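The values are calculated or read from the model by the stated rules, or taken from the named source; none is laboratory data. Only a predicted model underlies this, so the values are computations on that prediction, with no experimental measurement involved. A quick note on method: Cβ atoms are made from the backbone with ideal geometry, for glycine too, and the neighbour counts reach across all protein chains shown. Quick note on the areas: whole protein, heavy atoms, side chains included, nothing else; ligands and nucleic acids left out. Shrake-Rupley method; radii C 1.70, N 1.55, O 1.52, S 1.80 Å.
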Amino acid sequence: MHDYTKAHNRVRAIFFLHGAAFSSWVPHIPLVQERLNLGHDDLGGILLAAAIGVLSVMPIAGRLSDRFGSERVVRYSGLFYFIAVGLPAYMPSYLSITIAMFALGFSGAFLDVAMNTNGLNVERLRKRSIMSGLHGFWSLGGFAGAGVAAAWFALPIPVTAHLPVVLTLFVIAHIVAQAGLIPDAVFHAQTSAPCAPDTRRSDVVLKTTKPGKQRSLIVFLLPFGVCAFIGQFGEGVITDWATVFMTRELSSGATMAAVGFAIYSCAMAATRLSGDMLVMKFGRARILLTSSILASTGTFIIAFAPHFVVAWIGCAIAGMGLAVILPLLLSAASQTTGKGGGTVVSIIAATGYSAIMVGPPVIGAIGAAFGLVIAFTVTASFLALIIPAYLLSLRKVL
């Protein structure tokens, strides 16, 4: 008999460590830009290398998770990721940092798909929604990583020692946490039906409309992927460009910019940790539409902020808006199709996860041509497109 609660806690830890590692790197972006004298278009170029790394792993990550077990893929991709995330900050040239960013995107996406696959399997074994909470732990990790970075930068400690120290601790924690993940074989042995939704409130039970014979699974899941793409595009832009925006446009300095990103991460964490409860109370459709409005509004506030403190407010609102879009869509897609694990994650990831890396280089190009204010305005407008996307394609299944 397997302890699903223990397995749930271990996958929470993996999500936490992934977020903490990534947000530990983010505050170094403006420092790398300054050290190598990179323009906005140059920075967008190295971020594009990470996007290519993400895209290259999507066709295989889900398949490998299903074939060899998501718990095994988490184990090995995690070790690669925690090494790769520290490399870009120390690369001496544009070429070397481009290669390092590719490795970061590749390994990060590999771990991301595998841990979400394991999370969906645990969700269906526990027969209750947990995905928003898991992503909440990712954001808690993001808050912790950004907070430690902000404190480190403010103290008289060499900045160059930051990533080696924290990433070593993360590797040790990862080795401990992954040992308690539940094997996919247990999931396949004990259930072949979709996770039963909580029937305490019938108004939020997801319709279990299955894709018709005339439509492939990819086509059926495409609307979920489109909405995920829009949300993840905004998340990628805030993650990679908000600190640069505050540093360059609002003269915040690296420490105050790191504080802004920590606020954003904290808002995401708080919203995600309450996301499962919010979905039960208000339903997936209302939460998705409200999320789009908040994400767009917060990004507009950042774009037109006269001071970095006002930008912090925008970061908080954007964080609340972007928080539950992806976990909500993953959980809904899994239940709607009756499929879980790598099948759903890899298909949605191909359109959604890639945006978190595709968005930053696109915005970098727009920023280089028209300025970062225009770039953030474009992002805010794009985030509002979730509303018509829902009305046109997801209205009948959410």
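Would you pick out the residues in the range 107-133 that are more than 16 Å from Phe22 (Cα to Cα), part of a helix (DSSP H, G or I) and not polar (S, T, N, Q)?
The answer is Ala114, Gly119, Leu120, Val122, Glu123, Arg124, Leu125, Arg126, Met131, Gly133.
Can you tell which of Gly69, Gly19 is touching a helix residue (DSSP H, G or I) at 6+ places or on another chain (Cβ under 7 Å) and within 30 Å of Ile374 (Cα to Cα)?
Exactly one residue qualifies, and that residue is Gly19.
Could you list, in sequence order, the residues of the range 238-297 that are part of a helix (DSSP H, G or I) and at positive phi?
If the condition is that a residue be part of a helix (DSSP H, G or I) and at positive phi, then Gly253 is the only one that fits.
Matching residues to (1) within 22 Å of Ala154 (Cβ to Cβ); (2) in contact with a helix residue (DSSP H, G or I) (Cβ under 7 Å, 6 or more places away or on another chain); (3) not small (Gly, Ala, Ser):
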site: Gly260; (1), (2), (3): yes, yes, no
site: Cys266; (1), (2), (3): yes, yes, yes
site: Met277; (1), (2), (3): no, no, yes
site: Ser291; (1), (2), (3): no, yes, no
site: Ala295; (1), (2), (3): no, yes, no
site: Ala303; (1), (2), (3): no, yes, no
site: Val309; (1), (2), (3): yes, no, yes
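Against the condition over 23 Å from Gly260 (Cα atoms) and surrounded by fewer than 24 Cβ atoms within 10 Å (Cβ to Cβ), how does Leu64 come out, does it pass?
Taking the combined requirement at face value, the residue satisfies it.
Filter the range 1-30 for residues that are aromatic (Phe, Trp, Tyr) and either open to solvent by 30 Å² or more (accessible area, probe 1.4 Å) or in contact with a Leu (Cβ under 8 Å, 6 or more places away or on another chain) (or both); which is nearest to Lys127 (Cα to Cα)?
Looking at residues that are aromatic (Phe, Trp, Tyr) and either open to solvent by 30 Å² or more (accessible area, probe 1.4 Å) or in contact with a Leu (Cβ under 8 Å, 6 or more places away or on another chain) (or both), I get Tyr4.
I'm told Arg72 meets every condition in (1) charged (D, E, K, R); (2) in contact with an Asp or Glu (Cβ under 8 Å, 6 or more places away or on another chain); (3) surrounded by fewer than 24 Cβ atoms within 10 Å (Cβ to Cβ) except one. Can you identify the failing condition by its number?
Answer for Arg72: the failing condition is (2).
Yes/no per residue for (1) open to solvent by less than 30 Å² (accessible area, probe 1.4 Å); (2) out of contact with any helix residue (DSSP H, G or I) (no Cβ under 6 Å at 6 or more places or on another chain); (3) closer than 21 Å to Ala262 by Cβ:
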{"residue": "Phe102", "(1), (2), (3)": "no, no, no"}
{"residue": "Lys127", "(1), (2), (3)": "no, yes, no"}
{"residue": "Gly133", "(1), (2), (3)": "yes, no, yes"}
{"residue": "Leu140", "(1), (2), (3)": "no, no, yes"}
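Checking the condition in a helix (DSSP H, G or I), in contact (Cβ under 8 Å) with a residue 40 or more places away in the chain and open to solvent by 10 Å² or more (accessible area, probe 1.4 Å), which residue from Ala365, Ala375, Ala349, Ala332 passes?
Checking each option against the conditions leaves just Ala365.
Which ones in the range 78-100 are open to solvent by less than 10 Å² (accessible area, probe 1.4 Å) and assigned to a helix (DSSP H, G or I)?
Those that are open to solvent by less than 10 Å² (accessible area, probe 1.4 Å) and assigned to a helix (DSSP H, G or I): Gly78, Tyr81, Phe82, Ala84, Pro88, Ile97, Ala100.
Every residue in the range 299-329 that is open to solvent by 20 Å² or more (accessible area, probe 1.4 Å) and not β-branched (Val, Ile, Thr), please.
Those that are open to solvent by 20 Å² or more (accessible area, probe 1.4 Å) and not β-branched (Val, Ile, Thr): Phe300, Phe304, Pro306, His307, Phe308, Trp312, Ala316, Met320.
Just to be sure, is Val74 assigned to a helix (DSSP H, G or I), touching a residue at least 40 places away in the same chain (Cβ under 8 Å), under 18 Å from the mean Cα position of the chain (by Cα) and under 16 Å from Leu181 (Cβ atoms)?
yes
Six or more apart or on different chains, Cβ atoms under 7 Å: show the pairs whose first residue is in the range 236-251 and closer than 15 Å to Asp41 by Cβ and aliphatic (A, V, I, L, M) and whose second is at pLDDT below 90 and open to solvent by 10 Å² or more (accessible area, probe 1.4 Å).
Val244/Pro30
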